[in-house]
1. Okay, helix-only estimate at 222 nm for the chain: each DSSP H run of n ≥ 4 adds -39500 (n - 2.57), divide by all residues, round to 500 deg cm²/dmol; what do you get?
2. Relative to the longest principal Cα axis of the chain, at what angle does helix 309-321 sit, 0 to 90 degrees, rounded to 10?
3. Rounded to the nearest 5, what is the percent of antiparallel bridges among the DSSP beta bridges in region 2-166?
4. Going by average Cβ neighbours within 10 Å, how do the peptides 309-317, 79-87, 11-19 rank, with the highest at the top?
5. At 0.692 mPa s and 37 °C, plugging the Kirkwood radius over alpha-carbon pairs of the chain into Stokes-Einstein gives what diffusion coefficient in µm²/s?
6. Which semi-axis lengths, in whole Å and largest first, follow from the square roots of five times the eigenvalues of the Cα gyration tensor of region 2-166?
7. What is the angle, in °, between the Cα long axis of helix 222-234 and the longest principal axis of the Cα atoms in the chain? Nearest 10 is fine, range 0 to 90.
8. Ranked highest first by the average count of other Cβ atoms within 10 Å around their residues, in what order do 42-49, 217-224, 1-8 fall?
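All of the numbers you see were taken from the coordinates with simple rules; none came from a lab. This is a predicted model, so every value here is computed, not measured. Virtual Cβ from ideal backbone geometry, glycine too; neighbours counted across all protein chains shown.
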């Protein structure tokens, strides 16, 4: 039996949350055997130990022998980074995994891993918010859909294959087979990078890249393509489509103006973002659009994810021009 755990930052719990024996989110972790032992205290140090016993902890216990500790810890991080993405599909948040600790049956600490990325909320902030059992259960439904795209068996039974590379979001992603990603998987990767940014111009840039991954079919008039198609997919009526188109168009204008130096003062930022007063207000709107788009591609639009270029272009034409009654 091994145990892997880490602090879940920026989450306020009122009770322990147990997920069908798979993992638990513990509200009061100082009663856990793995955390109460002296080896843990000596390994992680007094500062992180104090954080562990005062904050919610995600813990997973597994009957595993002779596994690479590094791969186990990295797989844990990737697994729960995608679980956090599932929670983001429910609501804007800045939930984060902290440093991870791996402990064996004898309560010996085998491995620790520093957190490589911090997820911020839509406004680039790190804010404590509540997390309920019902929200976790709802997030697990989305998590099951995400698993289909990122959780795979070892390639060709290669025991040396580190499957966690495909899962985790950090600053060491060169080994990913990114060329084999479909449009949804590319978008999810960009959304993860956006959530890992508190610098809002970069967050906007990654969100636009996610939308382009899903909707763009060429490098010509990309702004119009993505704005129109996002609005068409999400908008339920004319007014809503106009609003969505406007938000996406503003995102493109802001990205372009900022990168090329046209946005160089608070006044020019407000002009680019008009009618939004602040970049934080605008990012909140854009974040919600990405959330709704990703939900659609995980459900009603999942059938187009693996379409070849010809089929996808046909789908786009029908989306834009075919009458609803046909």
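1. -16500 deg cm²/dmol
2. Computed tilt is about 60 degrees.
3. Here the antiparallel bridges make up roughly 90 percent for region 2-166.
4. Put in order of decreasing packing, that is 79-87, 11-19, 309-317.
5. Estimated via Stokes-Einstein, D reaches 153 µm²/s.
6. They are 23, 22, 14 Å, listed largest first.
7. Roughly 70 degrees between the two axes.
8. The packing order, highest mean first, is 1-8, 42-49, 217-224.
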